[in-house]
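Report on the following structure.
The values are calculated or read from the model by the stated rules, or taken from the named source; none is laboratory data. Keep in mind it's a predicted model, so treat the numbers as computed, not measured. Neighbour counts are summed over all protein chains in view; Cβ atoms, including those assigned to glycine, are modelled from backbone coordinates with ideal geometry.
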Ligand SMILES: Cc1cc2nc3c(=O)[nH]c(=O)nc-3n(C[C@H](O)[C@H](O)[C@H](O)COP(=O)(O)O)c2cc1C
């Protein structure tokens, strides 16, 4: 797949089939992802790839609890506009079907308060999956609201400094690949100094 196609179309794919992801594919996307950069090349990352149905049921329960907390706090005052409602509907679908997701990858980091060193690998994992026709969604609410419970379930040694950065769901898509809408680059990029508009504008996505 063309690199730019992957960059433009790897959006949050929450609705996915229950078809398992073969071990060979899981192996392949991890081998690509761990080529990512990390500060000082420390590679202070660990990934727990969960496919076991019983573990997924537990994770699904925890995810649903975390989702309810998010809905009643962060999103309680943010309802109404069409884009947010569409996102919440799709997020609700994931919360309702989390245990059916064929692969969930829990990404952990250590000695890296910002988590900056693990996210390139997480995104590479998602792009590598996209290249093989697999959709994914980066989620963080398990780490925010059920960190200890998830660690207990997976046996993750929090006392050794490991912190959960994300839980990424993977599966063959039910939805369609599309270029997501974003604020255009010329509205978020400054030229040379803060607040100075660049000389260019972009009316439509430049790909395809
Ligand atoms: C740091 C981060 C945390 C996120 N956490 C969640 C989450 O907990 N649950 C979820 O359903 N989506 C989560 N998302 C996905 C975003 O909601 C999604 O990327 C955004 O709405 C854009 O979606 P789109 O690419 O389909 O347009 C997260 C994304 C990022 C980058």
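Results for (1) over 17 Å from residue 135 (Cα atoms); (2) more than 16 Å from the ligand (Cβ to nearest atom); (3) under 15 Å from the mean Cα position of the chain (by Cα), shown as yes or no for each residue.
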position	(1), (2), (3)
25	no, yes, no
28	no, yes, no
32	no, yes, no
39	yes, yes, no
53	yes, yes, no
57	yes, yes, no
82	yes, no, no
94	no, no, yes
111	yes, yes, no
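How about segment 50-94: which of its residues are touching a strand residue (DSSP E or B) at 6+ places or on another chain (Cβ under 6 Å) and more than 30 Å from residue 27 (Cβ to Cβ)?
Residues satisfying the conditions do not exist here.
Do we have residue 47 as within 14 Å of the ligand (Cβ to nearest atom) and in contact (Cβ under 8 Å) with a residue 40 or more places away in the chain here?
no
State the number of residues belonging to segment 72-102 that are modelled with pLDDT of 90 or more and not in a helix (DSSP H, G or I).
Result for segment 72-102: 3.
Name the residues in segment 123-161 that are closer than 16 Å to residue 42 by Cβ and either in a helix (DSSP H, G or I) or under 12 Å from the mean Cα position of the chain (by Cα) (or both), would you?
Result: 160, single match.
How many residues does segment 96-109 contain that are surrounded by 21 or more Cβ atoms within 10 Å (Cβ to Cβ) and in contact with a helix residue (DSSP H, G or I) (Cβ under 7 Å, 6 or more places away or on another chain)?
7
For segment 130-177, which residues satisfy the criterion of being in contact with a strand residue (DSSP E or B) (Cβ under 8 Å, 6 or more places away or on another chain), within 16 Å of the ligand (Cβ to nearest atom) and without any contact (Cβ under 8 Å) to a residue 60 or more places away in the chain?
Those that are in contact with a strand residue (DSSP E or B) (Cβ under 8 Å, 6 or more places away or on another chain), within 16 Å of the ligand (Cβ to nearest atom) and without any contact (Cβ under 8 Å) to a residue 60 or more places away in the chain: 140, 143, 147, 163, 164, 165.
Might you check whether a residue that is within 15 Å of the ligand (Cβ to nearest atom), over 26 Å from residue 28 (Cα atoms) and either in contact (Cβ under 8 Å) with a residue 12 or more places away in the chain or exposed (fewer than 14 other Cβ atoms within 10 Å of the Cβ) (or both) occurs anywhere in segment 114-129?
Within segment 114-129 (the criterion being within 15 Å of the ligand (Cβ to nearest atom), over 26 Å from residue 28 (Cα atoms) and either in contact (Cβ under 8 Å) with a residue 12 or more places away in the chain or exposed (fewer than 14 other Cβ atoms within 10 Å of the Cβ) (or both)), the answer is yes, since at least one residue qualifies.
Mind checking which residues of segment 17-31 are in contact (Cβ under 8 Å) with a residue 12 or more places away in the chain, outside any loop (DSSP other than H, G, I, E, B) and either in contact with a helix residue (DSSP H, G or I) (Cβ under 8 Å, 6 or more places away or on another chain) or surrounded by fewer than 18 Cβ atoms within 10 Å (Cβ to Cβ) (or both)?
Selection gives 25, 28, 29, 30.
Would you check if there is a residue in segment 55-71 being in contact with a helix residue (DSSP H, G or I) (Cβ under 9 Å, 6 or more places away or on another chain), under 28 Å from residue 178 (Cα atoms), at pLDDT 95 or above and assigned to a loop (DSSP other than H, G, I, E, B)?
Checking segment 55-71: not a single residue is in contact with a helix residue (DSSP H, G or I) (Cβ under 9 Å, 6 or more places away or on another chain), under 28 Å from residue 178 (Cα atoms), at pLDDT 95 or above and assigned to a loop (DSSP other than H, G, I, E, B).
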